[in-house]
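The values are calculated or read from the model by the stated rules, or taken from the named source; none is laboratory data. In this text, all values refer to a predicted model and were calculated from it rather than measured experimentally. Methodologically, a virtual Cβ is constructed for each residue, glycine included, from the backbone with ideal geometry; neighbour enumeration extends over all protein chains shown. Each accessible area value is taken on the protein alone, full model and side chains, heavy atoms only, with ligands, DNA and RNA left out. Shrake-Rupley method; radii C 1.70, N 1.55, O 1.52, S 1.80 Å.
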Amino acid sequence: MADHPAQYDYRQAKVPEPLTPEMEAQRREKQRAQRAQRKQQAQEQEEKRRFAALSDREKRALAAERRLAGQLLDTGAALTNPRRCWQCGESLLGQIPFCYLDFSFCSTGCLQTHRRGRPGPP
Ligand SMILES: [Zn+2]
């Protein structure tokens, strides 16, 4: 059908859309890209969850010790992005974070939640 678009009445014969090898490759490429994107999103979710679950001490170490984070990354144990909201783990890359002391947050809500959860004077 792709080679002879005008030879037959494909619509009447109810033949589906023509599929050239190029179109097929294009479709496969698109599916591959979608799969990669989904995988990346899943990884980001996992990393976000892992970061949020860390103790303040561990987060501080991650944020301060990029070199260490890089080393840990080689073993697959660490995070690709240590710049995250201290409270929920949301990535702060490309964002202007909300800060108090040496903590950074994606939103004032996260900041306040974190501040409330800490001992000592407000
Ligand atoms: Zn947050």
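Considering only segment 41-53, state which residues are of a type in the set (A, V, I, L, M) and open to solvent by less than 50 Å² (accessible area, probe 1.4 Å).
Across segment 41-53, the qualifying residue is only 52.
Here's the yes/no breakdown for (1) among the aromatic types (Phe, Trp, Tyr); (2) modelled with pLDDT under 80:
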{"residue": "25", "(1), (2)": "no, no"}
{"residue": "30", "(1), (2)": "no, no"}
{"residue": "40", "(1), (2)": "no, no"}
{"residue": "44", "(1), (2)": "no, no"}
{"residue": "47", "(1), (2)": "no, no"}
{"residue": "53", "(1), (2)": "no, no"}
{"residue": "56", "(1), (2)": "no, no"}
{"residue": "80", "(1), (2)": "no, yes"}
{"residue": "100", "(1), (2)": "yes, no"}
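Kindly list, by first and then second residue, each pair from a residue in segment 70-93 that is acidic (Asp, Glu) to a residue that is modelled with pLDDT of 55 or more and in a loop (DSSP other than H, G, I, E, B), limited to pairs with Cβ atoms under 6 Å and residues at least 6 apart or on different chains.
90/106
When you check residue 2 against the structure, is it open to solvent by less than 100 Å² (accessible area, probe 1.4 Å), at negative phi and at pLDDT 85 or above, yes or no?
Here the answer is no, as residue 2 does not meet what is asked.
In segment 98-113, what residues are assigned to a loop (DSSP other than H, G, I, E, B) and near the ligand (Cβ under 9 Å from one of its atoms)?
Within segment 98-113, the subset assigned to a loop (DSSP other than H, G, I, E, B) is 101-102, 106-107.
Within segment 98-113, 106, 107 meet the criteria.
Within segment 29-40, is there a residue that is open to solvent by 50 Å² or more (accessible area, probe 1.4 Å) and assigned to a loop (DSSP other than H, G, I, E, B)? Talk me through it step by step, then tell me what you get.
First, the residues of segment 29-40 that are open to solvent by 50 Å² or more (accessible area, probe 1.4 Å): 29-40.
Narrowing further to those that are assigned to a loop (DSSP other than H, G, I, E, B): none.
The answer is no, given that none of the residues of segment 29-40 is open to solvent by 50 Å² or more (accessible area, probe 1.4 Å) and assigned to a loop (DSSP other than H, G, I, E, B).
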